[in-house]
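One structure below.
The values are calculated or read from the model by the stated rules, or taken from the named source; none is laboratory data. From a predicted model like this one, the values you see are computed outputs, not experimental measurements. A quick note on method: Cβ atoms are made from the backbone with ideal geometry, for glycine too, and the neighbour counts reach across all protein chains shown.
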Amino acid sequence: MKRRIFLLVASLVSVTVLQGCGPVGYIPRYEGIADPAFDLGQVTTIGLTPYYWTTVAKTFGVTQLEEKQLLNSCKIELERRGFQVEYIPEKNLKQIGDPNGPYVCEVHCFGMEKYPDLTCTVGYFAKRGTVTVPGESHGTFSFGPYGGSGWSSAHSSYDVSVWTLGIRIGLWAGPPEYMQEVWRGTVVQGSPQSDLPERAESMIDNLFARKFPVLKRTQ
């Protein structure tokens with residue numbers, strides 16, 4: 001199985017948008033899956049793998065600062081679970097071209113004195129959309145011995161701009177190519193604006209809390 005990076009994270013689940021306290025409310029969605037044949041409890045070290053330098057990442061405008069923020073949030077969560085986490089230097093990474101399309105690539109490690117047990121990758125996106133809030137009308141009327149009274153109000157339907165924010169995290173085994181995915185987690189969050197940097201830390205925190213396996217450490 002080839003290890004690939006999809007910068008737009010096209011396989012992410014969709015976000016649910018509901019009418020709530022304001023014009024629009026947002027319900028995040030989380031997905032996670034682990035390889036049942038792989039024991040994460042035996043893992044000690046994990047290397048964070050940046051992709052901002054690849055041609056695919058540059059095509060989609062991925063920046064070093066944005067990606068590093070997401071990887072650092074992953075580092076915090078993985079260290080909380082007892083792993084030793086370090087960044088893999090760019091000098092020890094190489095891009096492998098993929099014949100199936102310009103938006104997919106592989107990144108392999110090489111030339112390291114000691115390879116980590118797993119590597120961690122992050123993909124993300126922010127996509128703008130529109131939700132139509134339906135129109136409505138309501139009112140009351142009462143009638144008594146001295147006449148009647150009442151009130152009513154109404155509004156027409158209107159469009160609200162929304163953003164779908166997505167993050168996909170993968171853990172990979174099999175140095176130095178690391179092509180075996182052993183855990184994948186995704187989170188999609190709706191937002192009234194493109195504020196992924198502000199929401200990323202809590203999105204990743206909640207994703208790990210909900211979908212990362214409970215580890216039984218191998219002694």
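Of note:
- With respect to being in a helix (DSSP H, G or I), at pLDDT 95 or above and not polar (S, T, N, Q), Leu65 falls outside the description.
- Residue check for Leu93: modelled with pLDDT of 80 or more, touching a Pro at 6+ places or on another chain (Cβ under 9 Å) and surrounded by 20 or more Cβ atoms within 10 Å (Cβ to Cβ): yes
- Unique residue being exposed (fewer than 14 other Cβ atoms within 10 Å of the Cβ), on the phi < 0 side of the Ramachandran plot and of a type in the set (S, T, N, Q) when the list is Thr49, Thr54, Thr63: Thr63
- Looking only at the stretch 151-184, and only at residues there that are among the charged types (D, E, K, R) and over 25 Å from Leu207 (Cβ atoms), the one that is modelled with the lowest pLDDT: Asp159
- For Gly82, the criteria (1) among the small types (Gly, Ala, Ser); (2) under 16 Å from the mean Cα position of the chain (by Cα); (3) closer than 16 Å to Asp117 by Cα hold in every case but one, which is (2).
- Where Glu201 falls short, out of the listed (1) within 13 Å of the chain's Cα centre (by Cα); (2) surrounded by 21 or more Cβ atoms within 10 Å (Cβ to Cβ); (3) at pLDDT 90 or above: (2)
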